[in-house]
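For reference, the structure discussed in these notes is given below.
FYI, it's all coordinate maths here, none of it is from the lab. Because the structure is a prediction, the values reported are computed rather than measured. Neighbour counts are summed over all protein chains in view; Cβ atoms, including those assigned to glycine, are modelled from backbone coordinates with ideal geometry.
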Amino acid sequence: MSLTTMKAEARFLVLWLTLVSGCSVFDGSGMATQDTAEAVRLKAVLLEADDLAGSAIDITIVEGEILLEGFVETTTQRQRAEDLMRENSKLDGVNNQIVVK
């Protein structure tokens, strides 16, 4: 098996695990809610980006705005994540709270 094939299969596995496991967020009422379909779709966009595939970025949709949280290694990756959200979503705002390690 070639290295390229192994990388593609690894990315697919990570994407599949992310989509299947889902994440819970608290909506302020004390109740946990599952990620929206839009948040899961946007997570898949980040996972498909070669330069962000290993990043620890969480996406939450809050009142029609995309909230990005987590960690990346460079400011370029931080900006790239925000740019991908703006390019791939019809939501108005992106609140980029990603921290550069």
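Exposure proxy for ILE66, ILE98: other Cβ atoms within 10 Å of each Cβ, ordered fewest to most, give ILE98, ILE66. For the range 86-101, the Karplus equation 6.51 cos²θ - 1.76 cosθ + 1.60, evaluated at θ = phi - 60°, returns couplings of 5, 6, 10, 9, 8, 5, 6, x, 10, 9, 8, 10, 5, 9, 8, 6 Hz by residue, with Gly and Pro reported as x. One chain, two ends: GLU73 and ASN95. Fully extended at 0.36 nm per residue, the span grows by 6.1 nm beyond their Cα-Cα distance.
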